[in-house]
1. Sort 377-387, 501-511, 187-197 by packing, meaning the average of other beta carbons within 10 Å per residue, with the highest value first.
2. Pick out, from Ala192, Thr253, Cys358, the residue whose Cα sits farthest towards the positive end of the charge dipole of the range 142-399, with +1 on the Cβ of Lys and Arg and -1 on the Cβ of Asp and Glu.
3. Per residue, how much accessible area does the range 142-399 show when a 1.4 Å probe rolls over the protein heavy atoms, in square angstrom?
4. Compute the length gained on full extension between Val474 and Ala449: take 0.36 nm times their separation in residues and subtract their Cα-Cα distance, giving the result in nm to one decimal.
5. Within a Cβ distance under 9 Å of Lys142, other residues only, what is the Lys/Arg minus Asp/Glu net charge?
6. Give the separation of the Cα centroids, the range 232-254 to the range 455-484, in Å.
7. Under a plain spin-label model, where a point goes 7 Å from the Cα along Cα-to-Cβ, how far apart in nm are Thr176 and Asp395?
8. Taking the mean number of other Cβ atoms within 10 Å as a proxy for protection, how do you rank 280-292, 446-458 from highest to lowest?
Amino acid sequence: MKKYVKLFFTLMVCFTLSFSLYSVVSAQEKPTVTDDSETVVEEIPGDPTLTDEPEETTEITTSEKTEPSTEETTALSEEENNNEEEATTEEEESSDPKTNTGTPVPGIGNVKYAISKSKTATQLDENFETKVTLSLPAGEEKLATDIVFVLDKSTSAEIEAQALNMLTDLQNTAQTTGADINVGVVIFNQQANTTGFHDLATEYSVIESEIKRDISSGTNTHAGLLAAEQMLSGDTAVADSRKYMIFVSDGITYMYNETPTAIGLENADKTNVFAGPDNWATKYGSNAAPSEGWNQYLGNVAAQYEADGGAYEHAYGVAYDTNTYISYDEKADHAMSVDVALLKTYQTYQVLASKYHCYAMTAGTSSGGEYTWGPNFMNFLANGETYSFDSIKNDIYYLVDAGSTVTDYIGYTEDYNFDFINDAEALSLKVGDQTYQAVETAENTYSFAEGNYVVAYEPGDMANGEMFTLTTNVPISQFEPVQLTYTLKLTNPKTEPGTYGQYDANGSLGYDGLYTNNSATLYPVDTNGQPGAAEEFAKPTVSYTVEEEPKEPTKPEEEKPDKKDPEKNKGADTATQTNMGLMLSLASMAISGAFILVILQKKRA
């Protein structure tokens, strides 16, 4: 009996060990969990030093040095000696004012501003329409102007009257349009005298008294221009393109700087030292303008003045001593007072003319007939132009003259198409505060303000662009903008959901696409009746959005086990097998217990 019991327990131990081993093996097979999300693997750049590709190398070669031949050595030595001699000669010449002729200065470069203009478009409405406005001058520009007179103390009563007549006309404009016209007056003698800006519309009498002011003693054109530059640059509320400086003088000047400064020159008999217009004849032998021309003359003066380094400069009116004046015998070697005064007047006028509208007008004085270099210098500053107060008034008042045109080609590409609404009801034109409706005078032709402005429309296609031409038959004022408004319609909007284009009301952001016009070009005529260079308007862009139609919400489907895919159910199969093993173990224990009970009962029997 004991033999059977031992055999039974041996079998049970083997069975239990086998089952345990099976369970361990099954547990090591981890279930794979899958879902519908996409796995993104980030690629990490490898270290190039770890790659198998060969490293690119650059071979550096050194040329073999060779000794020059005796002939080459001799030639090089002679060339070096020549170069040293030339350098020494140049250095000696540059340090000697007699031989340093100086570099000619450039002529006066008057600033050229683009004509003020703008083009704006409203955003597309529910009918895919936009209203476009062309404006001359620009619609957003502040209608404010600065005018500064720089007047010689000896300005004649005739010129003063002409200036006041111009201001009277401009005052009427300021009062009727509401424009801001600020006027400043600088009267110069030894120094600049000014009371600042005054409102032309309300302070005409103050301006008049400033222009008629009577002062004397000295002529410092440089100080007058310095004061004008300070006034104009200091008014930051007005655009530089709307600033004007009128310089009236006979050009006879002999001191400079804001605080009058001069250089004394000994006279021919060496009995006197002074700074004055007679210094010109003392140095150059006559009162004629420089024979080499003003550009070369001013270049020579600049070189001499730089070489002197201010050694002879002196506060005007203070007595000279032997160390602070130019002796008669050395007069050709140095820049005397008239020289420097003309140089600095030129330099400051050049600065003003590079930023503002500047006019140099020669004042007819008795001194100008004697010192002819003075009026000739003023003509140089004016670039040979002769100005009148009437022509200056036109420049200030008018933007462009009659005969100017604008051509506007309507926006069209293969992707979008705008159409011009060819209807008088869709057109209007505004001059200042007055609005005019279009009158159709012929097919595709519309007139405004009794023919002062005309729009001629030309239908077109891809080969011949749809466009119109705006012609002005009267001058356009700086103070009363002319604004043409018309309507465009987008004929082929997209139907797919999304946003198309970007909105830029005035074209300043430079967006690409959905342009209301392919181009708009101004062909100006100036106040002298001369055609100017063509100028392009900015191109506004519009945008629109097509909304996606809403969809009914759907219930998410419950995920069911995939019986056909064993990989998805592998984890579940493993758990089932583990449970079956446990059940078999319990069953084996029950059978073993029953077997033992049978054995014991037989033993008792």
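1. Answer by packing, highest mean first, reads 187-197, 377-387, 501-511.
2. Cys358
3. Solvent-accessible surface per residue comes out at 38 Å².
4. 7.9 nm
5. Charge balance in the 9 Å sphere: -2.
6. Spelled out, the Cα-based centre of one part sits 35 Å from the other.
7. 2.4 nm
8. Going from most to least packed, we get 446-458, 280-292.
The values are calculated or read from the model by the stated rules, or taken from the named source; none is laboratory data. Here the structure is a predicted model, which is why all the values come from computation and not from measurement. Cβ: placed from backbone, ideal geometry, glycine included. Neighbour counts: every protein chain shown. Protein only, heavy atoms only, side chains kept; ligands, DNA and RNA dropped before computing areas. Shrake-Rupley method; radii C 1.70, N 1.55, O 1.52, S 1.80 Å.
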